[in-house]
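J.: My structure is below; once you've seen it, I'll send some questions.
The values are calculated or read from the model by the stated rules, or taken from the named source; none is laboratory data. On a predicted model such as this, the values are computed, not experimentally measured, just so you know. Positions of Cβ are generated from backbone atoms using ideal geometry, with glycine treated the same way; all protein chains shown enter the neighbour counts.
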Amino acid sequence: MAKTHAQLSETHTLGAQTRQWVVRANAADPRAWLQDVPVCPALAQHQIAHLGVCQAVAPYRIVRNKQSGTYFLACFGGRGRFLVEGRWQTCSAGTACLLPPHILNAFHAEPGAPWEFVWVRYEQPNDQRPIAGASSPVLAKFDPEPVRHAALGLYHEARGAAVPAQMQHWADLVHAYVLRFARPWQVEDRLWLVWESVAAHLEEEWSLERLARLAHMSTEHLRRLCHRQLGRSPMHQVIFLRMRRAAELLSTTNDKVETIATAVGYQNPFVFSNTFKKWTGWRPSEFPGRAKEK
């Protein structure tokens, strides 16, 4: 049975049968699982800390109480469980997941066949916008094969000849495939404009009708597009953007919870607190890495 949010603690359990093919941007990280891993400096150009291909076998389990950068995962075999927007959801072949920084990140393999996936872990410099933008999906259908082959190509080049120009090509490909998933607005510009506008004005009141007017489409068409591209309803996307921004403010400022609630569109701090806990697993005041209030 999946643990509740309150039972989750920082965890990195690979298991004896799990196999990984990992590449990292530099050799500075002292964690044991990253030792004896080939280095590709070109990854740093895309703010990628590390990436890899994994055949995860139970009891494989990862928990990051406050993931400091964007995390991308695309499954090409088996199935695992991912904590997405406050709920444990299945991640199976042909599905990808993109989690923004400053949130709880937890996933594990289920007993049985190996859970096979490729991951890309980004850094998040303070002066740059996250890869996961306002219009990015969180859990949606995605062809994992191109990014899987690019990641394996980079691994074998970095482990072997390690020619800088060749590693650069592989690193560029991996990043491009992540962007293909992260930025579906390249297919539908109207939705991108809507979510960028919402993200810039989270303190305002947003309704389905207002969103549809902004997109110049019917409410039903907007619903269909959102479900197809983002895997959620339009109003759930608004809540997601608010919770993501709240997590960022809780991690990077010492503003009062009431101030943050207002900044992301909640006049009632209790409603904000309950919604935030439902989506992240934490009360705002208990959020890991929370700065002291002014």
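J.: Before we move on, is Ala134 at pLDDT 95 or above and closer than 23 Å to Ala74 by Cα?
T.: no
J.: Under 8 Å by Cβ, and 6 or more places apart or on different chains, what pairs join a residue from the stretch 139-152 that is modelled with pLDDT of 95 or more with one that is among the hydroxyl-bearing types (Ser, Thr, Tyr)?
T.: Pro146/Tyr177; Val147/Tyr177; Ala150/Tyr177
J.: Same structure, new question: Taking the stretch 30-63 only, how many residues are surrounded by 14 or more Cβ atoms within 10 Å (Cβ to Cβ), free of Cβ contacts under 8 Å to residues at least 40 places away in the same chain and part of a loop (DSSP other than H, G, I, E, B)?
T.: Total satisfying the criteria: 1.
J.: Which ones in the stretch 227-259 are in contact with a Pro (Cβ under 7 Å, 6 or more places away or on another chain) and more than 30 Å from Arg190 (Cβ to Cβ)?
T.: Leu250, Val257, Glu258
J.: Please tell me if His216 is under 23 Å from Asn105 (Cα atoms) and assigned by TED's automatic domain parsing to the domain that holds Trp195.
T.: Taking the combined requirement at face value, the residue does not satisfy it.
J.: What are the residues in the stretch 78-90 that are small (Gly, Ala, Ser) and on the phi < 0 side of the Ramachandran plot, if any?
T.: Gly80
J.: Pairs under 9 Å by beta carbon, first residue within 16 Å of Ala74 (Cα to Cα) and part of a loop (DSSP other than H, G, I, E, B) in the stretch 84-106, partner polar (S, T, N, Q) and modelled with pLDDT of 85 or more, six or more apart or different chains?
T.: Taking only residues 6 or more apart or on different chains, the pairs are Pro100/Thr70.
J.: What single numbered condition from (1) in a loop (DSSP other than H, G, I, E, B); (2) not assigned by TED's automatic domain parsing to the domain that holds Cys97 fails to hold for Asp143?
T.: (2)
J.: Restricting to the stretch 191-219, and then to whatever is acidic (Asp, Glu) and modelled with pLDDT of 95 or more, can you tell me which residue is surrounded by the fewest Cβ atoms within 10 Å (Cβ to Cβ)?
T.: Residue satisfying both the conditions and the ranking: Glu205.
J.: I've got another one for you. How many residues does the stretch 90-119 contain that are under 23 Å from Gln237 (Cβ atoms) and surrounded by 17 or more Cβ atoms within 10 Å (Cβ to Cβ)?
T.: The number of residues fulfilling the criteria is 14.
J.: So Trp185 ticks every box in (1) within 19 Å of Phe240 (Cα to Cα); (2) of a type in the set (Phe, Trp, Tyr); (3) modelled with pLDDT of 90 or more but one. Which box is left unticked?
T.: (3)
J.: Would you list the helices (runs of 4 or more DSSP H) that sit entirely within the stretch 162-263 and hold 2 or more residues that are in contact with a Cys (Cβ under 9 Å, 6 or more places away or on another chain)?
T.: Result: 164-182, 234-252.
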